[in-house]
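Asker: There's a structure below that I have some questions on.
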Amino acid sequence: MNCPLCLSPKTNELSFTKMAMYEVCKECRTVYMNPEYFLSKQSEKERYDLHNNTEEDQRYVDYMYYNMQECLSLCDKKFSIGSYSLDYGCGATQIMSNLLESEGLCSISYDPLYFPIELKKAKFDLITAIEVVEHFNNPAKEWQQLFDLLAPDGVLVVRTQLITDVVDFENWWYKNDPTHVTFYHDIGLEWIANKYNRKLKIKNNFIAFL
């Protein structure tokens, strides 16, 4: 099958585990699960429902505050009061949006399972996607949606665990979550940045498209 990100036909089988089969793109180095092994939508949601990510859990709130600070630090700009932000793939809570509101932004939350609001005509100055893009079943389509929602001078910041040339994929912990189906290499991120004419900035597992 073609790479689900850059659509190149140049792919190789990478790994076959008890859980799934994975392939790697020779062009953008994206590693992805064969769609035959995707969870059903119901099973996927049942797994997400096990997450105890609530506003009552101060550790999770602190974790999201850290994510917000890291996102804002990568933006190379200060957002004016009333700038519009979107937390994309927020899950069952709106903690990131609430935190961004406290910074003076007008923020909304979107999640296809928990907050499936209409977004087609919206444009945002800042979009955050914390531990989301590894769940993309159709990354070409879903990255396109993110950039369609971004204002021309807006910033998109995502957090995900990147795959590198030294990762032992067979024993890599990050693939063990069955909802993690797409893993990105620096080369793939550069491909995304070039496709959408954006500057790429990476700090640990945070990636900004400026």
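What follows draws every value from the coordinates through simple rules; no lab data is involved. Keep in mind it's a predicted model, so treat the numbers as computed, not measured. Using ideal geometry, Cβ is built from the backbone for each residue, glycine included, and neighbour counts are taken over all protein chains shown.
Asker: Compute the distance in nm between two label points, each set 7 Å from the Cα along the Cα-to-Cβ direction, one at residue 17 and one at residue 56.
Answerer: Placing both labels 7 Å beyond Cα along the Cβ direction yields 3.3 nm.
Asker: Just to check I understand the Karplus step: with θ = phi - 60° and J = 6.51 cos²θ - 1.76 cosθ + 1.60, what whole-Hz values come out for the range 59-65, glycine and proline as x?
Answerer: 5, 6, 4, 5, 4, 5, 5
Asker: Right, next: Label residue 145 and residue 45 with points 7 Å out from Cα along Cα→Cβ: what is the distance between them in nm?
Answerer: 1.5 nm
Asker: Right, something else. Going by amide H atoms built from the backbone, whose H comes under 5 Å of the H on residue 150, apart from near neighbours?
Answerer: 124
Asker: Rounded to the nearest 20 Debye, what is the dipole magnitude of the chain about its Cα centre when Lys and Arg each give +1 and Asp and Glu each give -1 at the C-beta? Don't skip to the end; give the middle numbers.
Answerer: Numbers: 21 positive and 30 negative charges, 141 e Å.
Roughly 680 debye, rounded to the nearest 20.
Asker: Compute the signed sum of charges (Lys and Arg +1, Asp and Glu -1) over the other residues within less than 15 Å, Cβ to Cβ, of residue 25.
Answerer: Numbers: positive: 10, 26, 29, 195; negative: 13, 23, 27, 165, 186, 190.
The answer is -2.
Asker: While we're here: Need one number: % antiparallel among DSSP beta bridges in the chain, to the nearest 5.
Answerer: Working: 19 of 33 bridges.
Antiparallel bridges: around 60 percent, rounded to the nearest 5.
Asker: Let me ask something additional. At what distance in angstrom do the alpha carbon centres of the range 118-137 and the range 17-76 lie from each other?
Answerer: Using only Cα atoms to place each centre, the spacing works out to 13 Å.
Asker: Also: What's the whole-number percent of alpha carbon pairs in the chain lying beyond 31 angstrom? Write down the numbers at each step before the final one.
Answerer: Numbers: 3871 of 21945 pairs.
The calculated P(r) of the chain puts 18 percent of pairs beyond 31 Å.
Asker: Classify the range 1-92 as rounded, prolate or oblate, taking a ≥ b ≥ c as the square roots of the eigenvalues of its Cα gyration tensor: rounded when a/c is under 1.5, otherwise prolate if a/b is larger than b/c and oblate if not.
Answerer: Numbers: a/c = 2.80, a/b = 1.51, b/c = 1.85.
Oblate is the answer for the range 1-92, as a/c is 1.5 or above yet b/c matches or exceeds a/b.
Asker: Compute the Cα gyration tensor for the range 40-124, then decide on rounded, prolate or oblate, letting a ≥ b ≥ c be the square roots of its eigenvalues: rounded whenever a/c is under 1.5, prolate when a/b is larger than b/c in the other cases, and oblate in all that remain. Could the numbers behind the result be given before it?
Answerer: Numbers: a/c = 2.38, a/b = 1.37, b/c = 1.73.
Cα axes put the range 40-124 in the oblate bin.
Asker: Taking 0.36 nm per residue of sequence separation and subtracting the Cα-Cα distance, how much length would be gained by fully extending the chain between residue 63 and residue 103, in nm to one decimal? Present the calculation step by step, with values, prior to reporting the outcome.
Answerer: On the way: separation 40, 0.36 × 40 = 14.40 nm, distance 1.64 nm.
That pair, residue 63 and residue 103, stretches by 12.8 nm at full extension.
Asker: Which shape class applies to the range 109-210: rounded if a/c is under 1.5, otherwise prolate when a/b exceeds b/c and oblate if not, where a ≥ b ≥ c are the square roots of the Cα gyration tensor eigenvalues?
Answerer: On the way: a/c = 2.22, a/b = 1.36, b/c = 1.63.
Taking the square roots of the gyration eigenvalues as a ≥ b ≥ c, the range 109-210 is oblate.
Asker: So, one more: Enumerate the calculated ³J(HN,Hα) couplings along the range 96-112 in order (Karplus 6.51 cos²θ - 1.76 cosθ + 1.60, θ = phi - 60°), each rounded to whole Hz, writing x wherever the residue is Gly or Pro.
Answerer: In residue order, the calculated couplings are 4, 4, 4, 5, 5, 4, 5, 8, x, 8, 8, 10, 10, 10, 9, 8, x Hz.
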